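J.: Quick one: this structure, given as structure tokens, is what I'll be asking you about.
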Amino acid sequence: MTKGYKMPKGFLWGGAVAAHQLEGGWNVDGKGVSIADVMTAGRNGVPRKVTDGVKEGEVYPNHWGNDFYHRYPEDDKLFAEMGFKCFRTSIAWTRIFPNGDETTPNEAGLKFYDDLFDDLLSHGIQPVVTLSHFEIPYHLVKAYGGFSNRKMIDFFVRFATVVFDRYKDKVKYWMTFNEINNQTAWSDPHPLLQNSGLQLGADDNWEQAMYQAAHYELVASALAVQAGHAINPDFQIGCMVAMCPIYPLTAKPADVMMAERAMQKRYWFGDVHCLGEYPKWLPKYFERKGFDMDITAADLATLKAGTVDYVGFSYYMSFVTKGRDGDQEYDFKEPDDFVENPYVEKSDWGWQIDPTGLRYAMNWMQDRWHLPQFIVENGFGAYDKKEADGSVHDDYRISYFRDHILAMEEAVALDGVDLIGYTPWGCIDLVSASTGEMAKRYGFIYVDADDNGHGSFDRSKKDSFDWFQQVIASDGEDL
Ligand code: P53
């Protein structure tokens with residue numbers, strides 16, 4: 001056993017999921033169609049497709065997830081047995097406003113989360129809630145162009161206000177937009193759809209569109225923060241950033257400058273959320289690129305008045321970049337400018353495993369944003385093998401967690417980082433966001449279902465279940 005550092009009293013150990021990846025029940029009790037409902041199954045290395053509405057004959061894994069919608073009482077019991085103090089999930093926007101532009105919410109959707117939160121609270125587990133986690137109503141994509149449209153700010157703030165008000169006595173910790181910065185890379189299908197509800201044509205300037213959508217989201221977030229604090233001054237409302245630190249390949253000055261620009265381009269979202277202003281380099285970049293942005297003086301005042309209370313972030317991996325000879329612009333472009341890190345190993349999906357990167361990132365954020373932090377995702381997607389007796393020996397997962405939790409504890413105990421809690425991703429197996437697979441498993445709890453939704457959906461404990469239970473019971477000392 002590895003000896004770690006005891007985390008402070010009240011530290012929020014738990015687990016994390018998102019509504020669309022585990023609930024299923026995609027069209028029950030008045031729920032509308034979300035972006036996740038029109039994404040087909042992909043595979044390791046094979047991207048998901050986006051269909052124009054739900055089509056006969058296509059496979060949509062988010063339609064069933066792991067059936068949490070019907071089985072959550074059983075799952076909550078298992079979370080309690082592991083010792084969870086909190087459980088991070090999202091509220092599916094389409095359960096509350098099926099199309100997104102209604103003025104009256106769907107009572108059956110609101111009731112589902114009342115029941116879920118009550119059940120969690122009865123086990124001493126506090127819900128931690130993300131408002132928008134890759135599940136924008138599909139109607140808002142088709143009718144308004146998603147967050148390319150300023151009107152989305154009002155729709156989001158209405159949704160936020162309704163759920164803040166409804167759950168004001170049940171939820172304290174909130175986050176506005178999941179991994180708001182996870183739309184900076186070009187890939188297929190573009191994450192601008194998942195994050196922002198944009199469907200782009202080949203001729204569109206996706207980069208300008210991304211900055212514009214992110215700006216509207218940041219304004220929407222700042223307004224939601226203010227609305228939430230007015231409803232309950234005790235609310236803690238955070239941002240949520242996908243933290244993958246980017247290192248220079250060598251000490252060559254051009255590599256270092258490129259890595260600096262890469263960090264600026266991936267983390268300016270956090271500057272706006274936490275400091276309430278755009279960093280100086282960004283207007284210069286817009287000017288240089290000729291981006292014509294809709295950013296008003298009133299928006300800037302809103303951003304300043306709606307800074308977040310804490311930094312929620314995911315951490316899975318780090319990246320590496322290098323400079324280009326003779327190029328003084330340092331216009332880092334993701335993912336083209338990534339190179340492999342020769343010093344770290346990778347998961348089966350090519351994600352570079354780097355526990356020290358977590359400690360590095362926590363220090364970097366503390367120095368830059370001066371706010372408490374909350375690790376709301378971290379984990380290891382792997383192919384698990386269920387033995388004949390039902391056991392799953394996931395020692396690779398335990399070893400990933402051991403190394404990362406130790407790095408996290410060092411950041412707290414040795415470096416003074418102010419950390420609220422730690423919720424490992426996919427604490428129960430669920431549908432992968434990037435590939436739509438069930439086979440990319442993260443859980444401490446195994447779910448008997450395959451990529452096509454076949455199986456009993458029965459739950460069972462993996463070896464990592466007992467291990468994490470012991471970590472929590474020892475406040476992080478027994479790793
Ligand atoms: P999956 C990319 C890089 C880092 C985190 O991811 C990411 C993504 C997008 O997939 O997403 C977060 O399921 C996200 C979760 C997601 C989780 O990481 O692709 O917030 O919804 O499931 C893990 O392996």
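J.: Pick out the one residue from 267, 216, 285, 247 that is more than 11 Å from residue 307 (Cα to Cα) and without any contact (Cβ under 8 Å) to a residue 60 or more places away in the chain.
T.: Only one candidate qualifies: 285.
J.: State yes or no: is residue 256 within 16 Å of the ligand (Cβ to nearest atom) and of a type outside the set (S, T, N, Q)?
T.: Here the answer is no, as residue 256 does not meet what is asked.
J.: Something else: Can you find a residue in the range 383-393 that is touching a residue at least 24 places away in the same chain (Cβ under 8 Å) and within 13 Å of the ligand (Cβ to nearest atom)?
T.: Taking every residue of the range 383-393 in turn, at least one turns out to be touching a residue at least 24 places away in the same chain (Cβ under 8 Å) and within 13 Å of the ligand (Cβ to nearest atom).
J.: Is it the case that some residue within the range 316-324 is under 28 Å from residue 235 (Cα atoms) and out of contact with any Ser or Thr (no Cβ under 7 Å at 6 or more places or on another chain)?
T.: yes
J.: Could you tell me how many of the residues in the range 279-330 are out of contact with any Leu (no Cβ under 8 Å at 6 or more places or on another chain) and either of a type in the set (Val, Ile, Thr) or over 30 Å from residue 422 (Cβ atoms) (or both)?
T.: Result for the range 279-330: 32.
J.: Looking at residue 403 and the list (1) open to solvent by less than 30 Å² (accessible area, probe 1.4 Å); (2) away from the ligand (no atom under 16 Å from the Cβ); (3) touching a Pro at 6+ places or on another chain (Cβ under 6 Å), which single condition is not satisfied?
T.: Of (1) open to solvent by less than 30 Å² (accessible area, probe 1.4 Å); (2) away from the ligand (no atom under 16 Å from the Cβ); (3) touching a Pro at 6+ places or on another chain (Cβ under 6 Å), only one is false for residue 403: (1).
J.: Another question, then. Quick one: count up the residues across the range 73-97 that are within 22 Å of the chain's Cα centre (by Cα) and surrounded by fewer than 21 Cβ atoms within 10 Å (Cβ to Cβ).
T.: Qualifying residue count for the region: 2.
J.: Out of all the residues in the range 220-259, which are over 19 Å from the mean Cα position of the chain (by Cα) and open to solvent by less than 40 Å² (accessible area, probe 1.4 Å)?
T.: 227, 228, 232, 235, 254, 255, 258, 259
J.: Same structure again: Can you tell me which residue among 147, 117 is under 22 Å from residue 269 (Cβ atoms), away from the ligand (no atom under 16 Å from the Cβ) and either crowded, with 23+ Cβ neighbours inside 10 Å or more than 18 Å from the chain's Cα centre (by Cα) (or both)?
T.: Step by step, each of 147, 117 is checked, and only 147 is under 22 Å from residue 269 (Cβ atoms), away from the ligand (no atom under 16 Å from the Cβ) and either crowded, with 23+ Cβ neighbours inside 10 Å or more than 18 Å from the chain's Cα centre (by Cα) (or both).
J.: Looking only at residues that are without any contact (Cβ under 8 Å) to a residue 24 or more places away in the chain and of a type in the set (S, T, N, Q) in the range 440-472, which one is farthest from residue 399 (Cα to Cα)?
T.: 456
J.: Note down all Cβ pairs under 7 Å where the first residue falls in the range 418-439 and is in contact (Cβ under 8 Å) with a residue 12 or more places away in the chain and under 15 Å from residue 394 (Cβ atoms), the second is within 11 Å of the ligand (Cβ to nearest atom) and of a type in the set (Lys, Arg), and they're at least six residues apart or on different chains.
T.: 429/441
Each row is one residue, and each column tells you yes or no for (1) within 19 Å of the chain's Cα centre (by Cα); (2) open to solvent by 40 Å² or more (accessible area, probe 1.4 Å).
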residue: 337; (1), (2): no, no
residue: 342; (1), (2): no, yes
residue: 349; (1), (2): yes, no
residue: 354; (1), (2): yes, no
residue: 357; (1), (2): yes, no
residue: 361; (1), (2): yes, no
residue: 365; (1), (2): yes, no
residue: 368; (1), (2): no, yes
residue: 372; (1), (2): yes, no
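J.: If you don't mind, there's one more thing I want to ask. Considering only residues that are more than 30 Å from residue 468 (Cβ to Cβ) and touching a Pro at 6+ places or on another chain (Cβ under 6 Å), which ones fall in the range 35-69?
T.: 50
J.: Residues that are away from the ligand (no atom under 14 Å from the Cβ) and within 26 Å of residue 412 (Cα to Cα): does the range 332-340 have at least one?
T.: No, the range 332-340 has no match at all.
J.: What single numbered condition from (1) assigned to a helix (DSSP H, G or I); (2) within 16 Å of the ligand (Cβ to nearest atom) fails to hold for residue 225?
T.: (2)
J.: Can you pull out the residues in the range 283-311 that are assigned to a helix (DSSP H, G or I), open to solvent by 30 Å² or more (accessible area, probe 1.4 Å) and of a type in the set (A, V, I, L, M)?
T.: 297, 298, 300, 301, 305
J.: Ok, one more. Pick out, from the range 1-119, the helices (runs of 4 or more DSSP H) lying fully within it that include 3 or more residues that are closer than 30 Å to residue 412 by Cα.
T.: Of the helices (runs of 4 or more DSSP H) lying wholly inside the range 1-119, those with at least 3 residues that are closer than 30 Å to residue 412 by Cα span 68-82.
J.: Could you pull out every one of the strands (runs of 3 or more DSSP E) wholly within the range 367-479 that has 2 or more residues that are among the hydrophobic types (A, V, I, L, M, F, W, C)?
T.: 373-377, 419-422, 445-447
The values are calculated or read from the model by the stated rules, or taken from the named source; none is laboratory data. Every value quoted in this text rests on a predicted model; they were computed, and no experiment measured them. Glycine also receives a Cβ, built like all others from the backbone with ideal geometry; neighbour counts cover every protein chain displayed. Just so you know, the surface numbers come from the protein's heavy atoms only, side chains and all, with ligands and any DNA or RNA stripped out. Shrake-Rupley method; radii C 1.70, N 1.55, O 1.52, S 1.80 Å.
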